[in-house]
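Down below is the structure, laid out as structure tokens.
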Protein chains: 2
Amino acid sequence: MSESTVLVLGSDPPPKLDRLTGRARVIFTDEDSLADRLPTADVLLAWDFTSDAIRRAWPVEGPRPRWVHTASAGVDQLLCPALVADDTLVTNARGVFEQPIAEYVAGLVIAMAKDFYGSWELQRQRRWQHRETLRLAGSRAVVVGSGPIGRAIGSTLLALGVKVDLVGRRERPDDPQFGLVHASDALNGLLPQADWVICAAPLTEATRGLFGKDAFARMAPRARFINVGRGPLVVEDALVAALREWRIAAAALDVFEEEPLTADSPLWDVPHLIVSPHMSGDTLGWRDALAEQFQDNFERWSAGEPLDNLVDKRLGYVPVQ
Amino acid sequence: MSESTVLVLGSDPPPKLDRLTGRARVIFTDEDSLADRLPTADVLLAWDFTSDAIRRAWPVEGPRPRWVHTASAGVDQLLCPALVADDTLVTNARGVFEQPIAEYVAGLVIAMAKDFYGSWELQRQRRWQHRETLRLAGSRAVVVGSGPIGRAIGSTLLALGVKVDLVGRRERPDDPQFGLVHASDALNGLLPQADWVICAAPLTEATRGLFGKDAFARMAPRARFINVGRGPLVVEDALVAALREWRIAAAALDVFEEEPLTADSPLWDVPHLIVSPHMSGDTLGWRDALAEQFQDNFERWSAGEPLDNLVDKRLGYVPVQ
């Protein structure tokens, strides 16, 4: 059997792919050389998952990789019509980010409920100012995204006594953990009652701009909004307006329409907006976990076995079993 | 039956005691008039639970209240040898603060694990700087205090996937939630392995200064310490030294040796020390909940029934059943 060629986009830092030694030819590429090298590769590892170069370089005809794996949960940066249309398999990093992101979101919810940011500002001012804060138990969250990340967020909030409405693409009755999983068209009806609105949906044509002027207008003035999905799920201008006009209470964004945020972005100092640099899922060792996961799947590939985390390219995510 | 006299220490803001109307004579007092009024009262409500006036004014002989209720979980401000020795009943506010404090501690743990404070500082500087953070799941916490507050903290951390060692006064095997509850003399052996050390113990002569130089020396450099019990459980100078010398990673104090902190306290700007103004348990409506709880107990008192939340005055807390 001839050695496979694994093309790796991105090398800063490079993945540890020791298990491929002697079993695959590993070639690193940058964005500029990607188009030239794609026809020579059997497998493409999108290690730099922030790049949209694959979408731009994917060949419309001729030889191309038979399998693309991305070291991220979202595949929005990757998919283009040609890749969706052909028979190349796409897999993602499902399993690595769920628990860290759920912890991160739970922390943001508590930090907002308990006004940690207010306390920290008062500490800077050396001022002792007691306040009464919110109780999580009994509050109500809407979590948009019913894939593994949304579910992990929902489970963690349930464990904290929060009532959780999970919203997916399609309605699913009798979910063992959440009861009814709502269809996306139920979202508008759920927003007015929510204390917490959490976006953990995949970015697809159906979800782009999901949180715009209309969605924020439906939220209660006490509502707090968190986005850990993808930036373009939110219309940033609409969120900023909602915060500036006190139509919602606070928000936290870990993802943005354009990343990284530049120093002159207006988002850095919007009142009651917490900004973090797309890090909610990235715990110590995450890169090694991603490399291990790819190598596990490569073993399946070599053995002719079905791949894990196979993305439905038309849906734009791995369907829940 | 003659009307009872209920003396209330503190009135800023006053408790809502509507249910006592027609059933008790309610008299408000400040610290200065307390000693004069104590002999006339059947019941004393320590509404201002931060005051140590009761300890100072409690009569050594003569008439005195037969029941003292404090609107706090801790009774350390209240108990003096004369009150411990006589047959006056003491009750506390067990049940009001557990869940809010557990939420608060969970939030602090996550905020530290995910470096929310670093992110907020970077936001102020308009700097996009991705970092890798800690995963809670699989980390290890030692919670000191096996009363309702310590247990609620422990349960919440367990739900977040943290391994929890609960430490109480006496060893209790086979706890349904925590397995072995450790005796206080096991603490030294547990500290070196802990990622999180959380103090939620009552302040008694046995626990005063529990977290001093020796305890901080036993903790790992990665350890993060949180105190939501009472200030004097911690030797503040020893904590500050441990932080300044990087012997532990971070700490958060919600309670202090002297409260409120004055503007010139050195604690406001110790590196990696989070300071908040004794508010971890105080969620919206907490004062009303405290007043309701006292009135519920007053109904038991009036009916000659056993009181709820009876403090063991020699132990200094309500013993776990």
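So which residues in the stretch A:97-115 are surrounded by fewer than 24 Cβ atoms within 10 Å (Cβ to Cβ) and more than 23 Å from A:ARG222 (Cα to Cα), if there are any at all?
Residues satisfying the conditions are A:GLU98, A:GLN99.
Among the residues of the stretch B:236-246, is there at least one that is exposed (fewer than 15 other Cβ atoms within 10 Å of the Cβ), more than 14 Å from every other protein chain (Cβ to nearest Cβ), in contact (Cβ under 8 Å) with a residue 12 or more places away in the chain and not in a helix (DSSP H, G or I)?
yes
Go through B:GLU258, B:GLU305 for me and flag whichever is farther than 24 Å from A:GLY118 by Cα and assigned to a loop (DSSP other than H, G, I, E, B).
Just one listed residue meets the conditions, B:GLU305.
Consider only pairs whose beta carbons are under 6 Å apart and that are at least six residues apart or on different chains; among these, list those whose first residue lies in the stretch B:13-25 and is at pLDDT 95 or above and whose second residue is not in a loop (DSSP other than H, G, I, E, B) and not hydrophobic (A, V, I, L, M, F, W, C).
B:ARG19/B:GLN295; B:ALA24/B:SER4; B:ARG25/B:THR5
Could you grab me the full set of residues in the stretch A:223-250 that are in contact with a helix residue (DSSP H, G or I) (Cβ under 6 Å, 6 or more places away or on another chain) and aliphatic (A, V, I, L, M)?
Matches in the stretch A:223-250: A:ILE226, A:VAL228, A:ALA238, A:ALA242, A:ILE248, A:ALA250.
In the stretch B:279-290, what residues are crowded, with 18+ Cβ neighbours inside 10 Å and out of contact with any Asp or Glu (no Cβ under 9 Å at 6 or more places or on another chain)?
The answer is B:LEU290, and nothing else.
I'm told A:ILE226 meets every condition in (1) open to solvent by 10 Å² or more (accessible area, probe 1.4 Å); (2) outside any loop (DSSP other than H, G, I, E, B) except one. Can you identify the failing condition by its number?
(1)
For the stretch B:18-77: of the residues being aromatic (Phe, Trp, Tyr) and outside any loop (DSSP other than H, G, I, E, B), which is least open to solvent (accessible area, probe 1.4 Å)?
Once the filter is applied, the top-ranked residue is B:TRP67.
Restricting the search to the stretch B:260-304, which residues are in contact with a Pro (Cβ under 6 Å, 6 or more places away or on another chain) and more than 8 Å from chain A (Cβ to nearest Cβ)?
B:GLY281, B:ALA291
Those residues that are buried (at least 16 other Cβ atoms within 10 Å of the Cβ) and not in a loop (DSSP other than H, G, I, E, B), I need them from the stretch B:187-204; list them, please.
B:LEU187, B:LEU190, B:LEU191, B:TRP196, B:VAL197, B:ILE198, B:CYS199
The values are calculated or read from the model by the stated rules, or taken from the named source; none is laboratory data. Predicted model only: the values in this text are computed from it and were never measured. Heads up, the Cβs are rebuilt from the backbone with ideal geometry, glycines too, and the neighbour counts pull from every protein chain shown. Please note that ligands, DNA and RNA were not included when accessible areas were found on the heavy atoms of the full protein model with its side chains. Shrake-Rupley method; radii C 1.70, N 1.55, O 1.52, S 1.80 Å.
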